[in-house]
Amino acid sequence: PNPLKRAADKVTEAVQGDGKGPEDGIPGKPAPQSPTLAEPTEPIEPLPPKPDQSGPDTMSPTGQATGAARARMAQSGAYLTDAQGVRRYDTDHSLKAGPRGPVLLQDHHLREKVMHFDHERIPERVVHARGAAAHGVFTSYGTASSVTKAAFLAPGVETPVFVRFSTVLGSRGSADTVRDTRGFATKFYTEEGVFDLVGNNMPVFFIQDAIKFPDIIHAGKPHPDREIPQAQSAHDTFWDFVTLHTEATHHTLWNMSDRGIPRSYRMMEGFGVHTFRLVAEDGSTTLVKFHWKPKLGVHSLVWEEAQLAGGVDPDFHRRDLADAIEAGAYPEWELGIQTFPDTPDQMFEGIDLLDATNIVPEELAPVQPIGRLTLNRNPSNFFAETEQVAFHVGHLVPGIDITDDPLLAGRLFSYLDTQITRLGGPNFAQIPINRPHAPVNDMHRDGFHQDAVHRGVAPYRPNSLDGGCPFLAGADNGAYIETPVRVPEGTKVREAPESFSDHFSQPRRFWLSMSAVEQEHIVGAYTFELGKCYEQAVKERALQVLANIDPGLCARVAEGLGLPAPEATVPFADVEPSPALSQVGQVWPTEGRLVGIVTADGGDLDGVRAVREAVLGADMVPLVVAPTGGTLGTGDDAVTVQRTFVTARSIEFDAVLVAGAPAAGGDAYGSRDAKALPSGPPAGTDPRVVQLLAEAYRHGKAIGAWAGGEAALEAAGVPVDAPGVVVGDDGAATLERVRELMGAHRVWERFTTTV
Ligand code: HDE
């Protein structure tokens, strides 16, 4: 059976109960827990773990699975114990001097339980606090072997990985779909030790030097007085910073483009951002930029969808990732590299490779695929894995080295430093999710949360008391040896090179590479964000920056703000557009996409069944939407309802189909609510269906209806002859045409106005 079916059939089961609360507490008699839920009196087998979940790696720092580590994997024991392993007979009542008497200080179980609870929270990440992660495998094509000796990039090598996606600005509980950059951090547990590729979904960064990082983050985070707005860049301090530091122009433009509101973590590119240096077996070096290319294409939400999701489903991306993996629709990316000769000036075609605000267009340096990433297991415990994972750009393996990008240099310091506060000490590499799969034999000792029981007496070298161990490796047995790169001679200065001073030609290339609809979205985003600023000076300065990118962009945003458009203060660079930057104009696989099928009692259930089967057959997920939960029809042919008119919202679906209506006089999309509305929409169509269809239409989604279902489209004001609207006699045939439309991601022709 198709694994996607499981996801489609998932329905929330209401907890059954008789509606009565627990009996009133009677002195001397403990109140029953719940009259309806019987507690088992004997231990029973726990539920097996879900097949798509896995525990974190439990190897000890010396590479051996320990009993203690196994026990920590799950609540697998039959009896409740305290932290010391002592069995407990009651965990619901404090020890008291009589049932109505005072609680006794000697109640160790109470104190231990509450003490631990009091310390359950750890500081969230100062940036990238909100995230979601998954386990997977990276399979190397071997195509990078000529430029790097990294063992995990040899032909056919499979390496376990853990990938965490994130937003940057928001707190841990903030919404997923805010306009922001997304983190894309990958931990490769290679045989030679851990390699972390800590990237973003945008190839450039706001600043060129790490010393400004606290400043840009202070500017982007909520205002320090009222702590608003949460997870937003639409406020004065952010725009103040990015217009005063014009090196931020390129990244800001990416953020204001559709890249700032991805449809799914599964549909994002990833970038290492900095230029790295690969080292081959023969010692030769190559400069590279890393790219992740998603199999499903690079897709985005439209702004209104992103805003709706913030309220309707703040966990939109987190849920999407976990559901897809659970359904067996494993997200995939290809890792690729752009390669550049390692010349002394570290420039390529006039582009400074050490400036992280630059891209090198793919047309100038094609991305060469070197391996495939598949995410195939959800974490079993969010805190243990997703929260405690600690990435670091300095976690490198032989064959991969750094460059002198000043942004990278600061990161090399920061990622170690931050874990000491966040994970409570220097031993975070011993937390199961962070443990290397290669044997560890360091000479670090002691410290908070030391997990290892180190043996021996001589944690120093050389020594003569522990057999001289550990020994040092050399180049021929896998030691990490820094590339002996020549450092340019010079005087100590706090300065940037002259090549870092062009802040507008790369943004101009990005703007000119966008399709008309993408440009429209960018104009909409700037108009929204600057419209949320209060300070006139900030808006005017932002318009000046836009004028230096493109006069048309500036004029359109200025019009929206009701301000005059200034003239450019720099000459426009003569740049070629890079078609690879646009998200529009290609056809992508539709696997894992969600199709809503709106129906009701008496609707064309045969058609609904046929559409469901066809959706599953195309490796997509059908979600049947009906007035109430439960099933439609009876017997073996009954159709399970996954979403009701109350729980469904258009943002969840990539396309919506309306099933054939019942025989004349029926009430397919009507409801009591609709009839009760004196000014309700025509044809008795439920207002929630009207809303669903109108939104799907506005958001450029493919819409289909068959055998009379089009009445609901008309009620929603969706023209049946509009682009991307399919009306047919037969469900499966209608779906086929809808699916073709879905390959383009959106019906782009529909975007004629700002969305
Ligand atoms: Fe980070 N960044 N960063 N960053 N970053 C962190 O490390 C920092 C930068 C990125 O899922 C922190 O463990 C500095 C660029 C990701 O756990 C911290 C500078 C890029 C994640 C930190 C940068 C990133 C972080 C916070 C300026 C893309 C989340 C918690 C030089 C290439 C990783 C932590 C995860 C997290 C510092 C700039 C990506 C404070 C100083 C450029 C994906 O160490």
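The values are calculated or read from the model by the stated rules, or taken from the named source; none is laboratory data. Quantities reported herein were computed from a predicted structural model and do not represent experimental measurements. Quick reminder, even Gly has a Cβ in these numbers, built from the backbone with ideal geometry, and neighbours come from all protein chains shown.
Of the residues ASP442, ASP404, which is more than 16 Å from the ligand (Cβ to nearest atom) and not in a helix (DSSP H, G or I)?
Working: ASP404 fails: more than 16 Å from the ligand (Cβ to nearest atom).
None of the others qualify; the one that does is ASP442.
Does PRO497 meet the test of being buried (at least 21 other Cβ atoms within 10 Å of the Cβ), out of contact with any Cys (no Cβ under 6 Å at 6 or more places or on another chain) and at pLDDT 95 or above?
Values: buried (at least 21 other Cβ atoms within 10 Å of the Cβ): no; out of contact with any Cys (no Cβ under 6 Å at 6 or more places or on another chain): yes; at pLDDT 95 or above: yes.
Criteria not met by PRO497.
Condition (residue is near the ligand (Cβ under 10 Å from one of its atoms) and buried (at least 21 other Cβ atoms within 10 Å of the Cβ)) applied to the stretch 412-424: is it met by at least one residue?
Narrowing the stretch 412-424 to residues near the ligand (Cβ under 10 Å from one of its atoms): 412-419, 421-423.
Cutting the leftovers down to buried (at least 21 other Cβ atoms within 10 Å of the Cβ) gives us 419, 423.
Within the stretch 412-424, one or more residues are near the ligand (Cβ under 10 Å from one of its atoms) and buried (at least 21 other Cβ atoms within 10 Å of the Cβ).
Could you check the stretch 703-753 and list, in sequence order, the residues that are outside any strand (DSSP E or B), among the aliphatic types (A, V, I, L, M) and in contact with a strand residue (DSSP E or B) (Cβ under 7 Å, 6 or more places away or on another chain)? Give the steps one after another, and end with the answer.
Just the residues of the stretch 703-753 that are outside any strand (DSSP E or B), to begin with: 707-724, 729-753.
Then drop every residue that is not among the aliphatic types (A, V, I, L, M), which leaves 707, 711-713, 715-716, 718, 720, 722, 732-733, 735, 738, 741-742, 744, 747.
Result: ALA712, LEU713, VAL718, VAL720, LEU735, VAL738, LEU741, MET742, VAL747.
Out of the residues in the stretch 275-286 that are part of a loop (DSSP other than H, G, I, E, B) and under 18 Å from PRO369 (Cα atoms), which is nearest to the ligand (Cβ to nearest atom)? Quick ask: steps written out before the conclusion?
Let us first name the residues in the stretch 275-286 that are part of a loop (DSSP other than H, G, I, E, B), namely 275, 280-284.
Subsequent filtering for residues that are under 18 Å from PRO369 (Cα atoms) retains 275, 280.
Numbers: THR275: 11, ALA280: 24 Å.
Only one residue fits best here, namely THR275.
Considering only residues of the stretch 181-193 that are closer than 20 Å to ALA134 by Cβ and more than 10 Å from the ligand (Cβ to nearest atom), which is nearest to the chain's Cα centre (by Cα)?
The selected residue is PHE188.
Failed condition for ILE431, given (1) touching a residue at least 40 places away in the same chain (Cβ under 8 Å); (2) more than 16 Å from the ligand (Cβ to nearest atom), with all others met?
(2)
Surrounded by fewer than 22 Cβ atoms within 10 Å (Cβ to Cβ) and farther than 22 Å from TYR526 by Cβ, is that true of GLY272? Even if it seems obvious, please write down each step before you answer.
Details: surrounded by fewer than 22 Cβ atoms within 10 Å (Cβ to Cβ): no; farther than 22 Å from TYR526 by Cβ: yes.
Taking the combined requirement at face value, the residue does not satisfy it.
Which residues, counting only those in the stretch 217-243, are surrounded by fewer than 21 Cβ atoms within 10 Å (Cβ to Cβ) and within 13 Å of the ligand (Cβ to nearest atom)?
Listed by number, the residues that qualify are ILE217, HIS218.
Report yes if ASP196 is in contact (Cβ under 8 Å) with a residue 40 or more places away in the chain and of a type outside the set (A, V, I, L, M, F, W, C), otherwise no.
Details: in contact (Cβ under 8 Å) with a residue 40 or more places away in the chain: yes; of a type outside the set (A, V, I, L, M, F, W, C): yes.
Spelling it out, ASP196 is indeed in contact (Cβ under 8 Å) with a residue 40 or more places away in the chain and of a type outside the set (A, V, I, L, M, F, W, C).
Could you please give the count of residues in the stretch 728-750 that are crowded, with 16+ Cβ neighbours inside 10 Å and closer than 19 Å to GLY297 by Cα?
Here the count works out to 9.
Do you know which residues across the stretch 163-174 are surrounded by fewer than 23 Cβ atoms within 10 Å (Cβ to Cβ) and more than 12 Å from the ligand (Cβ to nearest atom)?
Of everything in the stretch 163-174, those that are surrounded by fewer than 23 Cβ atoms within 10 Å (Cβ to Cβ) and more than 12 Å from the ligand (Cβ to nearest atom) turn out to be SER171, GLY173, SER174.
Just wondering, is there one or more residues in the stretch 446-455 that are in a helix (DSSP H, G or I) and either under 25 Å from SER166 (Cβ atoms) or near the ligand (Cβ under 9 Å from one of its atoms) (or both)? Show your work before the answer.
So in the stretch 446-455, the residues in a helix (DSSP H, G or I) come out as none.
No, every residue in the stretch 446-455 fails to be in a helix (DSSP H, G or I) and either under 25 Å from SER166 (Cβ atoms) or near the ligand (Cβ under 9 Å from one of its atoms) (or both).
Assess whether PRO459 counts as being outside the structural domain of SER145 (by TED's automatic domain parsing), touching a residue at least 12 places away in the same chain (Cβ under 8 Å) and at negative phi.
Working: outside the structural domain of SER145 (by TED's automatic domain parsing): yes; touching a residue at least 12 places away in the same chain (Cβ under 8 Å): yes; at negative phi: yes.
So PRO459 fits the description; yes.
Take the residues in the stretch 487-525 that are in a loop (DSSP other than H, G, I, E, B), free of Cβ contacts under 8 Å to residues at least 40 places away in the same chain and polar (S, T, N, Q), then tell me which one is nearest to SER257 (Cα to Cα).
SER501
Quickly run through the stretch 388-401 and pick out the residues that are under 23 Å from GLY478 (Cβ atoms) and within 9 Å of the ligand (Cβ to nearest atom). If you could, list the steps in order and put the result at the bottom.
Residues of the stretch 388-401 under 23 Å from GLY478 (Cβ atoms): 391-401.
Answer for the stretch 388-401, where residues must be under 23 Å from GLY478 (Cβ atoms) and within 9 Å of the ligand (Cβ to nearest atom): PHE391, HIS392, VAL393.
Condition check ((1) within 16 Å of the ligand (Cβ to nearest atom); (2) assigned to a strand (DSSP E or B); (3) outside the structural domain of HIS521 (by TED's automatic domain parsing)) across all residues:
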site: LYS293; (1), (2), (3): no, yes, yes
site: VAL298; (1), (2), (3): no, no, yes
site: GLN307; (1), (2), (3): no, no, yes
site: GLY310; (1), (2), (3): no, no, yes
site: ASP323; (1), (2), (3): no, no, yes
site: LEU335; (1), (2), (3): yes, yes, yes
site: THR339; (1), (2), (3): no, yes, yes
site: THR343; (1), (2), (3): no, no, yes
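Scanning the stretch 661-696 for residues that are modelled with pLDDT under 50 and surrounded by 22 or more Cβ atoms within 10 Å (Cβ to Cβ), which turns out nearest to VAL595 (Cα to Cα)?
ALA668
Just to check your reading of the model, which residue among PRO470, PRO462 is in a loop (DSSP other than H, G, I, E, B) and farther than 30 Å from GLN419 by Cβ?
Details: PRO470 fails: farther than 30 Å from GLN419 by Cβ.
Only one candidate passes the filter, namely PRO462.
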